[in-house]
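Let me begin by presenting the structure, written as structure tokens, before commenting on it.
Here, each number is a calculation from the coordinates, and none is a lab measurement. Treat the numbers as computed from the prediction; the structure is a model and nothing was measured. Every residue, glycine as well, gets a Cβ built from its backbone with ideal geometry; the counts of neighbours run over all protein chains shown.
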Amino acid sequence: MKIAILSRNRHLYSTRRLVEAAEARGHQVSVIDVLRCYMNITPRKPEIHYRGAPLERFDAVIPRIGASVTFYGTAVVRQFEMMGVYTLNESVAITRSRDKLRALQLLARRGVGMPRTGFAYAPDDTLDLINLVGGAPMVVKLAEGTQGIGVVLCETAEAAESVIDAFRGLNAYFFVQDFVAESKGSDIRCFVVGNRVVAAMKRQAKAGEFRSNLHRGGSAKTVTITPEERSTAIRAAKIMGLNVAGVDLLRSKRGPMVLEVNSSPGLEGIENACKLDIASLIIEFIEKTAKPGKTKTRGKG
């Protein structure tokens with residue numbers, strides 16, 4: 001097969017591992033910088049050009065679209081779909097998962113467990129917003145934040161009001177969520193490929209920190225998940241429409257709660273923690289499912 005990986009940096013761990021896994025299984029792989037692509041949007045003959053020429057025909061595309069280039073990156077993925085090329089994660093699914101509000105609304109509509117959540121821009125009554133999620137302690141976070149940036153734990157109502165006032169001053173959309181104390185600064189990253197959770201790791205925040213992101217000094221180790229956690233992760237990925245996803249869960253007294261569904265989950269942390277070749281599992285999935293024109297969103301918005 002001819003496989004394209006849409007990635008801005010071929011030296012990133014995840015990109016490199018996917019290239020290695022695909023080549024080891026006899027496939028031809030090209031790494032394409034999505035921002036260097038440009039598109040010929042024309043009836044009946046859509047094209048993507050790259051470095052001065054039309055791209056060759058690929059059998060499958062693996063999008064590794066960073067959050068900062070979601071708009072243009074998904075436009076390129078959509079163009080591949082219009083050309084009838086199989087994409088591992090489709091443009092609509094990526095867009096759904098990147099829009100945190102839409103993602104939570106879709107999950108809530110299907111009854112998936114999640115922390116009590118409020119969403120606001122410039123509320124008239126800050127105290128009522130705080131009470132929506134049961135009061136302090138609570139988490140306030142920017143809608144556009146990634147990797148724990150713009151996430152604040154407020155231990156008192158006064159602190160929450162102060163943070164909300166600050167976010168309001170930034171003209172920013174933000175979430176408020178109840179703080180699940182029993183998780184004790186940890187979450188679980190479930191790595192979903194197709195209809196399976198192929199690996200799961202527990203991420204633990206460093207001392208004095210409540211955010212468990214590995215980028216913020218958190219640690220990770222393999223973990224055995226419950227059947228309910230497994231089914232919750234698979235359901236969350238399916239609701240987004242993602243074939244490959246990183247689903248972040250909290251363990252709570254009310255059962256597993258979904259924090260986020262990531263459409264471009266990194267491989268480094270989970271491969272190292274679980275000692276598994278997840279890159280090869282992704283390529284195996286593509287081998288089984290990639291067919292010309294097999295895209296649910298072909299020609300749709």
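The figures follow:
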quantity: Simple spin-label estimate for residue 143 and residue 155 in nanometres, 7 Å along Cα-Cβ; calculated: 3.1 nm
quantity: Greater than 30 Å apart at Cα, pairs in 141/291; 2/275; 202/238; 184/288; 221/253; 221/291; calculated: 141/291; 184/288; 221/291
quantity: Of the chymotrypsin sites (Phe, Trp or Tyr not before Pro) in the stretch 41-150, those whose Cβ has at most 15 other Cβ within 10 Å and which sit in DSSP loop; calculated: 121
quantity: Residues in the stretch 71-113 that a label on residue 57 would reach, taking backbone N under 16 Å of a point 7 Å out along Cα→Cβ; calculated: 80-87
quantity: Whole-angstrom Cα spans of the stretch 182-276 along principal axes, big to small; calculated: 36, 31, 21
quantity: Convex hull (Cα only) mean projected area of the stretch 117-179, reported in nm² to one decimal; calculated: 3.5 nm²
quantity: Chain lengthening between residue 47 and residue 10 when straightened (0.36 nm per residue, less Cα-Cα); calculated: 11.0 nm
quantity: Label-to-label distance, nm, for residues given as residue 222 and residue 39 (7 Å Cα→Cβ offset); calculated: 4.1 nm
quantity: Rounded to whole Hz, the Karplus (6.51, -1.76, 1.60) HN-Hα couplings of the stretch 170-181, x for glycine and proline; calculated: 8, 6, 10, 6, 8, 10, 10, 9, 5, 8, 8, 4
quantity: Kyte-Doolittle mean at least 1.0, axial Cα span of 24 Å or more - DSSP H helices of the chain; calculated: none
quantity: Amide hydrogen neighbours beyond the local backbone of residue 87, cut-off 5 Å, H modeled; calculated: 61
quantity: The stretch 90-126-the stretch 43-70 distance, computed between alpha-carbon centres (Å); calculated: 29 Å
quantity: Residue-wise HN-Hα coupling along the stretch 132-144, computed from phi with Karplus coefficients 6.51, -1.76, 1.60 (Hz; x: Gly, Pro); calculated: 4, 10, x, x, 6, x, 8, 10, 10, 8, 5, 5, 9
quantity: Per-pair calculated FRET efficiency, R0 = 30 Å: residue 101 and residue 254 via Cβ, rounded to 0.05; calculated: 0.85
